[in-house]
Every structure is written in C-alpha cells, then in structure tokens.
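*Asks:* Here you go, one structure.
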There are 2 protein chains.
Amino acid sequence: MFGITLDRKSPVALSRQICNRIRELILTSALPAGDALPSTRELAGHLAIARSTVTEAYEMLWAEGYVSSRQGARYRVQDGVELHGVGTTGGAPADAKTHSVPQKRIRYDFRTGIPDVEHFPYGAWERMRRNVLDTLKPGDLLYGDVKGYEPLRRAVARWLLRSRGMHVDVDNVFVTSGATQAVGLAVETVRGSGDFVVEDPCHIGVTQFLRLRKIGFRGVPVDEHGIRVDRIGKRSPGGVYVTPSHQFPLGHVMSASRRAQLVTLARTMDFCIIEDDYDSEFRYGGPPLSPLYALDPERVVYVGTFSKTLLPALRVGFAVVPGRWHAAWTDLRRYTDVQNPVLEQVLVQEFLDQRKMDRHVKTMTRLYKRKREMVIDAVETAFGGAAEVLGDGAGLHLAVRIENGKFGKEFRRLCLEKSISVMPCGRYALEPGRHDDILLLGYGNVDAEAIHKGIRELHRLASGGKG
Amino acid sequence: MFGITLDRKSPVALSRQICNRIRELILTSALPAGDALPSTRELAGHLAIARSTVTEAYEMLWAEGYVSSRQGARYRVQDGVELHGVGTTGGAPADAKTHSVPQKRIRYDFRTGIPDVEHFPYGAWERMRRNVLDTLKPGDLLYGDVKGYEPLRRAVARWLLRSRGMHVDVDNVFVTSGATQAVGLAVETVRGSGDFVVEDPCHIGVTQFLRLRKIGFRGVPVDEHGIRVDRIGKRSPGGVYVTPSHQFPLGHVMSASRRAQLVTLARTMDFCIIEDDYDSEFRYGGPPLSPLYALDPERVVYVGTFSKTLLPALRVGFAVVPGRWHAAWTDLRRYTDVQNPVLEQVLVQEFLDQRKMDRHVKTMTRLYKRKREMVIDAVETAFGGAAEVLGDGAGLHLAVRIENGKFGKEFRRLCLEKSISVMPCGRYALEPGRHDDILLLGYGNVDAEAIHKGIRELHRLASGGKG
C-alpha cells in the first residue's frame, strides 16, 4: 500500500518513516489534493504494525499541514502542498508548504499571537455560514445595539461559564473589535487620575495606545509570580493593566497570592484592573485557571477575544464591564465606530451555541501542545543547555532565555533577511536593555518543518552566523 | 383576475384602485407570500386598461413594501406582510407592515440616515456570498492591512471615478468602520492647534465625538449656500468639518463660490477640510456634484460610506487621505481596533466590481425619489402653506420648516408615545433655540402608508393634539 516499506533497524521511528514516505507521495502529487489516506486500521494491518503507530504518523502529517482532518472524517491531502517545477527532493518540503502561507517573504513565522489558519474548520464554518446568515432579519442589518448582537452576548456569557467557570451577567458583556479595542475602551472608560500601570514587559499595542491617547503610564516589573504588586508604589495608579493567565510576553501565570495582593491594593487605593485574557483557552497542563475577575467583578474589566481561538480577521472580541462604566463605555463606542458588523457576530454566536467552539478549542489545544513541544525540542537540540524556556504551558508562544544572548533590532533585521519573523522580548521592555537575552517564539503559524529549520537558523544567527 | 373590478367614475385613480385591491388580497393571505403577481401585460389586457397603469400600481405596492422585485423577475408577494388575528379591515395595513420592521415600538420611522432594508437585493447578495467567500485565502483570515483589504480599496477608487468623477490614488483610500470612524480618525489625524470648526447645525455624532475627545470646537452657521465662510473668523481653525453635497441636516448643496472661498481660506490659514459625503449617491435632480476634494486633494480628507447605499450593519466606510497623514492615520487605527473584519470587505468589493452597486443605487434612487415625493405630498396635504421644504433633492431625509412650529424634546417624546420616531432639527443646533421650527423627515425606512399616516399624526401633534 503506497509502496511503503519499513526499515525496522533504522534509528528513525516507524511512525516517522511512514510520515516521510506519505509526505513524499504528496509532494510529488502521487497522492493528489483531496485524496483520503487509508484508514489507520487498514494501513496498520497492511504493514503489520500497531494502529497507534499509524495514528502517530498521520498526526505528524496533520501537524505539518499536509493533510486535513474534518471532524472525525478521514484524513485528506491538503490543497496546494505539492511541489511544482523540477526536482522534488532536497530541502524543499518546508518551502513547498510555506508557499501557501500568507506572509510571502516569511518562511519561518514565529510571530506571537497568530493562530493556525490551516487547521481552521472551514467545512463546518462554511455550512454554518450558509444556514445561519439566511436567518438574519432586515432589522439586524440596520444599526444595531452598540453593546453587540444580543444573541452573541448571551453566547459569550455561556461560553465563559463552561470554558472558564465564570458567572457573568449578560448585561455586562460588550462585544468589541478584538481585544485591542476592548483594552482601549476599558482604559479610557475606567481610568482615574494617576498614571496607568502596565506590566513590564508589556504588549506594545497597549503602550502605543496609551502614548497615542497621551495617557501617562509607567511599567512595573513582573517576576515568575506576575506583576510585582509591592512595586506599584504609594501613589494610586489611574488603573492597572495585567495579563494574569499568561503574562505577555514572558508567559507566567500570576500566582494566587499575587492576585490577592493586587485586588486588595485596588480596593485600598480605589483603582480598576483590566484583565487581558488573550489566549488562555489553550492550556497544556496544570489546573484550570480562575480569572482575576472572579475576585472582584465590580472592579475588574475582563477582556477576551476570538482572534486566537478562531481567526483574527473576524475582529470579534469582548469585555465584561461592571455596571458603573456601562454608560461611558457605550458613549465612547457609539461615537467612535458605532458597533461591530453583524455577519461575524452571528457566525461566532452560532459557532459557540452549537458547541463547535468547544470541539475546535480541544482539537487546537492538542495541535498547539504538540507544536509547543516541537519548539522546545528544537530549541534544546539547537541551543542545548544555553536555552531556558520560561513561563507556563499555555497560549500560542513561549519565551526562551538564551545564555549570553543579545537580541535587538539588528538581530530581528538579520532574521528577516533569512525569512524568519521573530520578536526579541526586549522590544516589549519599558526599561531599556531588560530582557535582551530573551526570544519570543510563536508557534501558531509554523509547521514541524519550519520549526526545526527555523530554529536551527535562529541558532546560527544567534551564534554570530557560525554553526 | 383576482376579482378586480374598476370603478371608472371614482375619484380614486385606477392604478390606486388596483393597488388597494391587491394589497387587500395580500393582507388577507388570498395572495400568499412568494406568489408572483400577473405580468403587467396580462393584467392590463384583462382589465382593458393601459399597461402603464398596471405598472404604476405595482410600483406603488413595491414602494409600500408589499411586493419585491428582484432584478427583472416578476413582482412577488413579500414575506410577513399578511395580517394575523381578527379583523382585516380598518387601519391595519401600516401596522401589519411595520411588524416586520426592526424598531418594535416604532410604527412611523422618520429617523434620518436609515436606508430601506426591505428592498436590499438579498438574492444577488446571497448568491455572491456563497461564491465569493470561498475564494478567501487562509492568509486573508489573519491580521490584514490596517488600511483595508487591498481589492476593496481598488474597487472603491474605481467606484469613486464612475459614480463621482473622482480621480483617486488607491494608496490614499483607507477602509473604515463606517463614516463615523472615518470622521473621527480624520479629526484626530489632521487637526491643527485651533478650535475645530463644524457647521451649525451639525450631526450630533460629530459634536459628541469632539466632546468625548476633549477637542475644542465651535459652530459656524450655514445658509442655503453652505457654511458661512466669512464667519469662520480671523483665528485659524484646527480644521473644518463640512457636508457640502447635502448639508446635514438642512439638506442644502454648498455653492461653487462658497466652496472656492472655503478652500482659499484653508490655503491662506493652512488648515485641513474634512468633507463628509454621507449620502449624495442618491440625487433626484440637478447636475451631478463634484466633491470639494477635487478642488484641493492635498488638503481635503474625503469621507464616504456604504451604510446608506448598502446596509449600516456592514460597517464599511472609507476615507481618501492625503499622503502626509498616512502614517498618523495608520498608527491610530492599528492601536485602536486594528482593521475592519474581512467578510464585509470582500462582499462590498465584489458588489462594486460586479457593478451590482451601480444598478442597486439606480434602483434605490428611483425608490427614494418616489418616497421623497410622497413625504412632500403628505406634508403639503397635512400642513398646507404652513410648511416649507428646505434643501436640495438628495439623500435619505428632508428638512421641513413649519410656520410657528416649536419642536423640542417634549415634542419628540410626544411623538414617541404615538410610535413616531422623528428628530427636531434643533437637536443638532449648536446655538440653542435655532432651527426649533424645523423637523427632519427621513424616508429610508418608511413605506407609503406610514408616510401618510405618520405625517397626518405629526400634524395633529404639532397643532397641539387637535386636528
């Protein structure tokens, strides 16, 4: 079957041998796009090996993007992954793959916060789109509720309950154009008179927003337990922005005691907390997290997004906003951009209510976990003991500290020259020079080949081009 | 045929008699939803009358929302227009109709800026949606260009050329979340140090935005030639916001000499002009207008939207932005809400590129023109010589001055009690007490019955409840 012969004496695992052979067939179009792979039972019987070995091989192919799996159906060969032109051997697989990837110049996309679009359930989404959008009433196509499409707000509240154990009043759920807009509206709505406090390091989207809006702010360092609450100081801040579920960019989970300290301080000094939970749907170990929001729902604005779980281009995020800020929030939104468009809101609502989201997040968690392990493997192989992986197992990126590493703009430029998009952590440091030895490796939009090759190349560049 | 008998001696026009009879059949479900009306030839032959009389009757039914017409096909009975419950006679037709209208409590919706959603070409749109969205590449579903989806930006540039004669560089076209966001971004991007100048009266969305952003502004009165440029004063403004194609809310077109004065002043004092062309696609007479933008493309930010031509809930608008402001605009957008979602952008692009937009605007112009005439008729019937219609024949609303009228919050409240949503012009006046004798009548979302009944009721309320 497929002319697969296994070499049982080879150091290469049987599953890897099967994967390699099938990938070759795909690259040379011997197995054309759309074709189904044999069932695991069938191929395992034919090769006289354990079925789990075949499953493993298929999952490798899937993780690498060569085959798709649509909810229980057979694995099928993806479109656009075959090689064209002369020569089908050599270093081509990764190139062939990345030809279908958005960033044309980028072969190794280690950007943070970019989900895997290859494994998005297009089929289910498409069927849903056909059915769902027909149910829209003309009235839904005029100006709607500034707060968002009512059924979506309800769906988000239910989703927060089953995915995070959060009890949320639907009235407090506000749909936004992604987490970016939610954080911006939150900052403008809740801020008091003092400087805003952000974590250091912090996502540049937040600090740039504060600069643009001419809102004074200062960074407070984080350690492995989260923001150093003791360093917030004696002056009451205008508000505090934190990422307790997965510190951006370092990746730590904020400890329970640090959470308690922060909320206590917020009550004492009377400031508000913005909790940005941008990607904690994907958690690869440890007990489920309870949001900071649960500690004080009257003082915390909780921000979430579907950009990572679904697709960034949908621009659907949300905030859970305490009642005292509803009027200000609504006013600001009304006169800024009015509301989200309706199509995406209906689709996300159906995706949630049909529980397709639950299944999708489960599938993607499995995939991202594997990719994350691949990244860690590749880093250990390339850098050995010089590399230390930071943070907890969650989200779409990890931070790696490299002994004696010095990653600045110049390093990023060198990487781009080699078709690698990677962000040094120093870019997000408010105190210049901090975290210069840390690289951020997003794994949402890379496949196995790109991970291995890209990190090998990163190591070469980090060692001054030798290696 | 349909048991229609005509009374040739009646003062009621034959076309109106046919219209009334068919409406009755629809209301009582004798003609159920989806059924086609007989062809005009057929019915005209049967009744031995001119075919144009039948056409007129059908167009009345169409204008009233009882039948739909889908691009050349036969007129068919609309869904949800039949009466339920006891009694099918009496004052019910308008009620039956408005049951399918968004604002549940509002029977007579004279709000400005609301398009007719009943006549949106859902069929064509739906077919397009099925075909078009499948062509999206995975990369289109990640974060895209902050400026907007490139093919849409090209389509908008071409649309501006064929609909407005504007020569626009694609690089200058920025997609936005409706005109609201476009105006907001423009104000923040181009403003100089002085107070911003707006027309008085002015759309409340703009003045509220300026207040929220704590940007100083002052109103400069308009007359029938547009903004009183001579009243802008000697201090250079931080920028000027105008609606030259259809002054909001009074409806005048800015005269050529006033345009020249404004641009000359802008050059002398070195300020920027924001031209909000929110609904001039619909023009019912007079020569086509050239935008202010054409007089100085380096100094005018031109703002347009598809909220009125298509649907508000798509949230697709755009601005044509001179090069010197590109960087600031892009920064602001990137850190505010990143970009528009992609689905609507692709749909609008296809709608434009397939020239469906051209046809749609033509159809809707015919419809709105008729509705506008109905409003004017109804106003004249109800108010007689006490009413004066202001402004030029364009857009989705008109302003009416009523002799000795005094329309304030209390009047609006009274109207809402009677299920009428109507906005007194005074609401938009910056100088309190001005324009208190003017009512704004939007006709996008009302049908013939609602126009006649609603305006009769308005007259009654305006006369202190008598009448």
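*Asks:* Would you mention how many residues in segment B:104-119 are surrounded by 16 or more Cβ atoms within 10 Å (Cβ to Cβ), in a loop (DSSP other than H, G, I, E, B) and more than 7 Å from chain A (Cβ to nearest Cβ)?
*Replies:* If we filter segment B:104-119 for residues that are surrounded by 16 or more Cβ atoms within 10 Å (Cβ to Cβ), which is where we start, we get B:106-119.
Narrowing further to those that are in a loop (DSSP other than H, G, I, E, B): B:106-107, B:110-119.
The next check asks that each one be more than 7 Å from chain A (Cβ to nearest Cβ); those that pass are B:106-107, B:110-113, B:115-116, B:119.
The total comes to 9.
*Asks:* State whether one or more residues within segment B:178-185 are closer than 23 Å to B:Pro297 by Cβ, away from chain A (no Cβ under 12 Å) and modelled with pLDDT of 95 or more.
*Replies:* no
*Asks:* Looking at segment B:24-63, which of its residues are farther than 17 Å from B:Gly3 by Cα and among the aliphatic types (A, V, I, L, M)?
*Replies:* B:Ala33, B:Ala50, B:Met60, B:Leu61, B:Ala63
*Asks:* Looking only at residues that are more than 8 Å from chain A (Cβ to nearest Cβ) and of a type in the set (Val, Ile, Thr) in segment B:302-347, which one is surrounded by the fewest Cβ atoms within 10 Å (Cβ to Cβ)?
*Replies:* Per the stated criteria, the residue is B:Thr330.
*Asks:* Condition (residue is acidic (Asp, Glu), buried (at least 20 other Cβ atoms within 10 Å of the Cβ) and assigned to a helix (DSSP H, G or I)) applied to segment B:392-399: is it met by at least one residue?
*Replies:* Narrowing segment B:392-399 to residues acidic (Asp, Glu): B:392.
Right, trim to buried (at least 20 other Cβ atoms within 10 Å of the Cβ) and you get B:392.
The next check asks that each one be assigned to a helix (DSSP H, G or I); those that pass are none.
Scanning segment B:392-399, I find no residue that is acidic (Asp, Glu), buried (at least 20 other Cβ atoms within 10 Å of the Cβ) and assigned to a helix (DSSP H, G or I), so the answer is no.
*Asks:* If the Cβ limit is 6 Å and pairs must be 6+ apart or interchain, which residue in segment A:161-181 that is within 19 Å of B:Gln339 (Cβ to Cβ) pairs with which residue that is basic (Lys, Arg) and surrounded by 12 or more Cβ atoms within 10 Å (Cβ to Cβ)?
*Replies:* Close Cβ pairs (under 6 Å, with a partner that is basic (Lys, Arg) and surrounded by 12 or more Cβ atoms within 10 Å (Cβ to Cβ)) amount to A:Ser177/A:Arg315; A:Gly178/A:Arg315.
*Asks:* Applying the selection to segment A:15-40, what residues are touching a helix residue (DSSP H, G or I) at 6+ places or on another chain (Cβ under 7 Å), in a helix (DSSP H, G or I) and within 18 Å of A:Asp79 (Cα to Cα)?
*Replies:* The answer is A:Cys19, A:Ile22, A:Arg23, A:Leu27.
*Asks:* Hey, another quick one. With the condition being within 18 Å of A:Leu295 (Cβ to Cβ) and over 27 Å from the mean Cα position of the chain (by Cα), I'd like the strands (runs of 3 or more DSSP E) fully within segment A:162-273 carrying at least 2 qualifying residues.
*Replies:* Numbers: elements: A:173-176, A:196-200, A:217-223, A:239-242.
Those strands (runs of 3 or more DSSP E) do not exist here; none qualify.
*Asks:* Go through segment B:414-467 and give me each residue that's within 13 Å of B:Ile106 (Cβ to Cβ), in a helix (DSSP H, G or I) and open to solvent by less than 20 Å² (accessible area, probe 1.4 Å).
*Replies:* B:Cys415, B:Ala450, B:Gly454
*Asks:* Checking the structure you have, find out if any residue of segment B:138-150 is open to solvent by 10 Å² or more (accessible area, probe 1.4 Å) and either more than 12 Å from chain A (Cβ to nearest Cβ) or basic (Lys, Arg) (or both).
*Replies:* Step one: list which residues in segment B:138-150 are open to solvent by 10 Å² or more (accessible area, probe 1.4 Å), which gives B:138-141, B:143-147, B:149-150.
With either more than 12 Å from chain A (Cβ to nearest Cβ) or basic (Lys, Arg) (or both) added as a condition, the list becomes B:147, B:150.
Checked against the condition, which is being open to solvent by 10 Å² or more (accessible area, probe 1.4 Å) and either more than 12 Å from chain A (Cβ to nearest Cβ) or basic (Lys, Arg) (or both), segment B:138-150 yields at least one hit.
*Asks:* Then there is this: Could you check A:Leu265 against (1) touching a helix residue (DSSP H, G or I) at 6+ places or on another chain (Cβ under 9 Å); (2) hydrophobic (A, V, I, L, M, F, W, C); (3) open to solvent by 30 Å² or more (accessible area, probe 1.4 Å); (4) modelled with pLDDT under 95 and say which number it fails?
*Replies:* (4) is the only condition that A:Leu265 fails.
A quick yes/no check of all residues on (1) modelled with pLDDT of 95 or more; (2) within 19 Å of the chain's Cα centre (by Cα); (3) over 20 Å from B:Arg372 (Cβ atoms):
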site	(1), (2), (3)
B:Ala429	yes, no, yes
B:Tyr443	yes, yes, no
B:Ala448	no, yes, no
B:Arg460	yes, no, yes
B:Gly465	no, no, yes
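*Asks:* Run B:Val240 past the list (1) at pLDDT below 95; (2) open to solvent by less than 10 Å² (accessible area, probe 1.4 Å) and report the number of the one that doesn't hold.
*Replies:* (1)
*Asks:* Out of (1) touching a residue at least 12 places away in the same chain (Cβ under 8 Å); (2) under 30 Å from B:Pro312 (Cα atoms); (3) surrounded by fewer than 20 Cβ atoms within 10 Å (Cβ to Cβ); (4) more than 22 Å from the chain's Cα centre (by Cα), the odd one out for A:Lys356 is which?
*Replies:* (4)
*Asks:* Could you grab me the full set of residues in segment B:201-221 that are open to solvent by 30 Å² or more (accessible area, probe 1.4 Å), closer than 13 Å to B:Ala429 by Cα and facing chain A (nearest Cβ under 8 Å)?
*Replies:* B:Gln208 - this is the single residue of segment B:201-221 that is open to solvent by 30 Å² or more (accessible area, probe 1.4 Å), closer than 13 Å to B:Ala429 by Cα and facing chain A (nearest Cβ under 8 Å).
*Asks:* Now for a separate question. I need a count of the residues in segment A:286-301 that are open to solvent by 40 Å² or more (accessible area, probe 1.4 Å) and of a type outside the set (A, V, I, L, M).
*Replies:* The total comes to 6.
Table: residues versus (1) β-branched (Val, Ile, Thr); (2) under 22 Å from B:Arg434 (Cβ atoms).
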{"position": "B:Ile232", "(1), (2)": "yes, yes"}
{"position": "B:Tyr241", "(1), (2)": "no, yes"}
{"position": "B:Phe248", "(1), (2)": "no, yes"}
{"position": "B:Gly251", "(1), (2)": "no, yes"}
{"position": "B:Arg259", "(1), (2)": "no, no"}
{"position": "B:Met269", "(1), (2)": "no, no"}
{"position": "B:Ser280", "(1), (2)": "no, no"}
{"position": "B:Leu292", "(1), (2)": "no, no"}
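*Asks:* If you scan segment A:120-137, which residues turn out to be free of Cβ contacts under 8 Å to residues at least 12 places away in the same chain and facing chain B (nearest Cβ under 10 Å)?
*Replies:* Selection gives A:Tyr122, A:Glu126, A:Arg130, A:Asp134, A:Lys137.
The values are calculated or read from the model by the stated rules, or taken from the named source; none is laboratory data. This one's a predicted model, so the numbers in the text were calculated from it and none came from an experiment. Cβ coordinates were reconstructed from backbone atoms using ideal geometry, including for glycine residues, and neighbour counts include every protein chain displayed. SASA here: full protein model, heavy atoms, side chains in, ligands and nucleic acids out. Shrake-Rupley method; radii C 1.70, N 1.55, O 1.52, S 1.80 Å.
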